[in-house]
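We did not get these values from a lab; they are worked out from the coordinates using the rules stated. Everything numeric in this text was worked out from a predicted model, so none of it was measured. Because the Cβ atoms are built from the backbone with ideal geometry, glycine has one as well, and the counts that use them run over all protein chains shown.
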Amino acid sequence: MTEILWLGRGGQGAFTAAKILGAAYAAKPESHALAFPSFGPERRGAPVRAFTKLDSKPILDRSETEKADFIIILDETLYSENLQNLLKPGGKILINTRSAELKQIVSFDGDSLAKELKLPVVNTVMMGALAGISGIVSVENLHQAIENYMPVKIREKNKAAVQKAAEEAEAL
Amino acid sequence: MEKFLSGDEAFAEGIRLACPEVISAYPITPQTIVVEKLSEMVEDGSLDAEFIHVESEHSALSCAMGASAAGVRAFTATSSQGLLYMAECLYYASGGRFPIVMMNANRSTALPWNIYGDQRDSLSQLDSGWIQAYAENAQESLDLALMSYYIAEHKTVSTPFMVNLDGFILTHTYEQVDVPEPEQAKKFLPPYETENKLDLDNPKNMAFSAGPDTNYIFKYKEHAAMFRAIPVIREAEAKFAEIFGRQYTGLTDAYKTEDAEYILITLGSIAGLCREIADTLREKGIKAGVLRIRYMRPFPAEEIAETVKQAKAVAVLEKDISFGNEGTVFTNVNSALHSAGVTVPAYNFIGGLGGRNISHQNIIEIFEKIQSGTASRVNFIGIEEGENS
């Protein structure tokens, strides 16, 4: 099972990305996904977590991920050294930042790309970057899920974000 | 058609397929999404129902009762304090034999105030005369939305039906769900027809008083109807399997219990993780099994006793505690075992209160404790002392 932990702030769309990724993966044959937010009251700007679990068989374990294959950080101020303890061996942290790479960390400048594409948040940019570095889903899978689960007026922008981020991240 | 939906969304899809004519509800976390979705469906015309936004849960169920008394299919949904606020009406609905369906998002009860999931709300209402089912996943939630009407409205049953979904862990978790076509749903669920309605051509007295001379007969009939639901549940599931291709297993769902020495009995969305742990333990040579209770009312007393009678020990894991006694599910299970003369040692594990996570390790430890005989009669997961009994 591949487990992804999303860290963001209320309003950044961490859970939307967790859900779109799950839907994209689940659309493939013999593929199952669960996606859920950290439960409880939501406040704009407060730290939030979201989870995506991906597997080739139905996922029975609904508990929160204890060790992740990927931790995706939408807001760099949420990074701390302790997050390394939440990674499985060989797991990776993908962070939206302009600063240099750290151990086990893939830095990706999502903010600049989002700004270029006139997107207010980086959720789908970082989702595209994850597809680029991991190959767990294809850009086509993500595009289809965006078609199915995002409002019409923001679909094209977000599809472009996924495409561009995946291409840039693949080169990392 | 396969969709990626949360438990709440899946349930709303199931209700759309069941075509209730009246929906009356008051929003409460974590049920809110169900009534939001249904109000959107009514607004966009995909569900031809009257959506009545009432001012409280007490009114929500009263309104649904009024609709049911007019002979139409009615739906409401609630959670936690909302369920407790409508408690008075629960008894009116069951006593009046109004086959209303209600979704309850299982959530902790105050104080301390908490919006997270546990099952203390619905389990406190076991005696209210409602059929109570507990779903494990989003697919079962949608399927129960359809089956609940079939069972509740059956002429021999005529009893309201509460479908319970674990708050957040089920209501807010997204997964793949097969959403059936409306034509299939129509084939499964006939339109609601009843003589228990206000009818100008056939005027009758409804929702009346009954003194000591006759009251007990009504109560006996309510009790008997609940048992008559058992064959109807099987009938509904057989017809459901024929049309939709998904087979359910009646009042309980047994996993590798035939030769199991250690059986964990539980209910709701935690069952999947328990089955996964049972498989892990079997790889190590420990014969573990899981019995999921799907229906708390009517209670599967005989099935439970029959399933666990050969086991060496039984654990009952529930997100509930009846203060001053033990978990209510445990009380019910113990009574079933005692009545059937089954003497397997049984232990109670209380977990997940106020939404606390029940981990892999917690479940492994439950099996370890009942295997080694080191469990107390009642054990609080995460609290060392537990109850000294």
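Compute the FRET efficiency between A:Glu140 and A:Thr77 as 1/(1 + (r/R0)^6), taking r as their Cβ-Cβ distance and R0 = 35 Å, and round to the nearest 0.05.
Working: r = 33 Å, r/R0 = 0.95.
Efficiency, rounded to the nearest 0.05: 0.55.
Using the Cβ-Cβ distance between B:Asp127 and B:Glu193 with R0 = 22 Å, the FRET efficiency computed as 1/(1 + (r/R0)^6) comes to roughly 0.15. Bridgeable aspartates and glutamates around A:Lys164 (alpha carbons under 14 Å apart, same-chain partners fewer than 8 residues away excluded): A:Asp109, A:Asp111, A:Glu116, A:Glu140, A:Glu156. Distances between placed amide hydrogens fall under 5 Å for B:Ile100 paired with B:Phe161, all partners being 5 or more residues away or on another chain.
Helix B:32-43 and the longest principal axis of the C-alpha atoms of chain B enclose an angle of approximately 30°.
Of B:Phe4, B:Phe323, B:Phe349, the sequence from fewest to most neighbouring Cβ atoms within 10 angstrom is B:Phe323, B:Phe4, B:Phe349. You can think of it this way: the chain between B:Asp213 and B:Val42 has 57.0 nm of extra reach, that is 0.36 nm per residue less the Cα-Cα gap. Over the C-alpha atoms of chain B, the Rg to Rh ratio, Rh being the Kirkwood estimate, stands at 0.97. Taking the number of Cβ atoms within 10 Å of each Cβ as an exposure proxy, the fewest-first ranking of B:Arg294, A:Arg98, A:Arg155 is A:Arg98, A:Arg155, B:Arg294. Were the residues from B:Ala224 through B:Val54 laid out at 0.36 nm apart, the gain over their Cα-Cα distance would be 57.9 nm.
For segment B:43-121, the average shadow cast by the Cα convex hull is 6.1 nm², which is a quarter of the hull's surface.
Per residue of A:25-36, other chain Cβ atoms within 10 Å of the residue Cβ number 3 on average.
Normalised by 2.2 N^0.38 Å, where N is the number of residues, the C-alpha radius of gyration of segment A:62-113 stands at 1.14.
Helix B:7-18 axis versus longest C-alpha principal axis of chain B: approximately 40°, rounded to the nearest ten.
Couplings 3J(HN,Hα) for segment A:84-90, derived from phi with the Karplus relation 6.51 cos²θ - 1.76 cosθ + 1.60 (θ = phi - 60°), are 4, 5, 8, 9, 5, x, x Hz, where x marks Gly and Pro.
Taking only the C-alpha atoms, wrap a convex hull around the protein assembly as shown and report its volume per residue in Å³ as a whole number. Provide the component values of the computation, followed by the final result.
Working: hull volume 92.2 nm³, N = 561.
Roughly 164 Å³ of hull volume per residue.
What does the net charge come to around B:Leu353 if you take all other residues with beta carbon closer than 9 Å to its beta carbon, with K and R at +1 and D and E at -1?
Details: positive: B:Arg120, B:Lys319, B:Arg356; negative: B:Asp118, B:Asp320.
Around B:Leu353, the charge tally is +1.
Using θ = phi - 60° in the Karplus curve 6.51 cos²θ - 1.76 cosθ + 1.60, the 3J(HN,Hα) couplings for segment B:215-227 round to 3, 4, 5, 4, 5, 4, 5, 4, 5, 5, 5, 4, 6 Hz; x is entered for Gly and Pro. In chain B, the longest principal axis of the Cα atoms and the axis of helix B:138-153 are about 50 degrees apart.
Starting from the eigenvalues of the Cα gyration tensor, five times each then square-rooted, give me the equivalent ellipsoid semi-axes of segment A:2-170, largest first, whole Å. Walk me through the intermediate numbers first.
Working: eigenvalues 81, 79, 51 Å².
That gives 20, 20, 16 Å for the three semi-axes.
With each label modelled as a point 7 angstrom along the Cα→C-beta vector, the B:Arg246-B:Thr156 pair spans 2.6 nm.
Centre-to-centre separation between the Cα atoms of segment A:13-50 and those of segment B:198-228: 49 Å. Both radii were evaluated on the Cα set of segment B:252-380; the Rg over Rh quotient, with Rh as the Kirkwood radius, amounts to 0.92. R0 = 25 Å: FRET efficiency of A:Lys28 with B:His360, Cβ-based, nearest 0.05? Between A:Lys28 and B:His360 the formula returns 0.40.
Counting DSSP beta bridges with both partners in the protein assembly as shown, what percentage is antiparallel, nearest 5? Display every interim value, and only then the final one.
On the way: 26 of 77 bridges.
Roughly 35 percent of the beta bridges in the protein assembly as shown run antiparallel, per DSSP.
Taken over the alpha carbons of segment B:1-160 as equal point scatterers, the Debye sum produces base-10 log I(q)/I(0) values at 0.12 Å⁻¹ of -0.45. Among residues other than A:Glu3 with Cβ under 13 Å from its Cβ, the summed charge is +1 (Lys and Arg +1, Asp and Glu -1). Taking each of A:Lys159/B:Lys3; A:Lys53/A:Lys115; A:Lys19/B:Lys187; B:Lys256/B:Lys319; B:Lys219/B:Lys239 in turn, the alpha-carbon distance tops 25 angstrom for A:Lys53/A:Lys115; A:Lys19/B:Lys187; B:Lys219/B:Lys239. Across B:Asn362, B:Asn137, B:Asn104, mean-square fluctuation computed from a Gaussian network of chain B (C-alpha pairs under 10 Å connected) peaks at B:Asn362. The mean sequence distance of close C-alpha pairs (under 8 Å, at least 6 residues apart), as a share of the length of segment B:2-244, puts its relative contact order at 25 percent. Between B:Ile286 and B:Thr331, residue separation times 0.36 nm minus the direct Cα-Cα distance comes to 13.5 nm.
Look at A:Met1, B:Met296, B:Met103 and count the other Cβ atoms within 10 Å of each Cβ; fewest to most, that gives A:Met1, B:Met296, B:Met103.
Among residues other than B:Asn215 with Cβ under 12 Å from its Cβ, the summed charge is 0 (Lys and Arg +1, Asp and Glu -1). Put simply, the amide H of B:His154, placed in the peptide plane, has no neighbours under 5 Å, leaving out anything fewer than 5 places away on its chain.
Computed from backbone phi with θ = phi - 60° and the Karplus coefficients 6.51, -1.76 and 1.60, the 3J(HN,Hα) list for segment B:324-337 is x, 9, 6, x, 5, 5, 4, 4, 5, 5, 4, 4, 4, 5 Hz; x is used for glycine and proline. Under 5 Å from the amide H of B:Thr252 lie the amide H atoms of B:Arg294, each residue being 5 or more positions distant or on a separate chain, with H modelled from the backbone and absent for Pro and chain starts.
Looking at segment A:94-157, which GluC sites (Glu not before Pro) are DSSP coil and have at most 12 other C-beta atoms within 10 Å of their C-beta? It would help to have the intermediate numbers written out before the result.
Working: sites: A:Glu101, A:Glu116, A:Glu140, A:Glu147, A:Glu156; in loops: A:Glu101.
Of the GluC sites (Glu not before Pro), the ones in loops of segment A:94-157 whose Cβ has at most 12 other Cβ atoms within 10 Å are A:Glu101.
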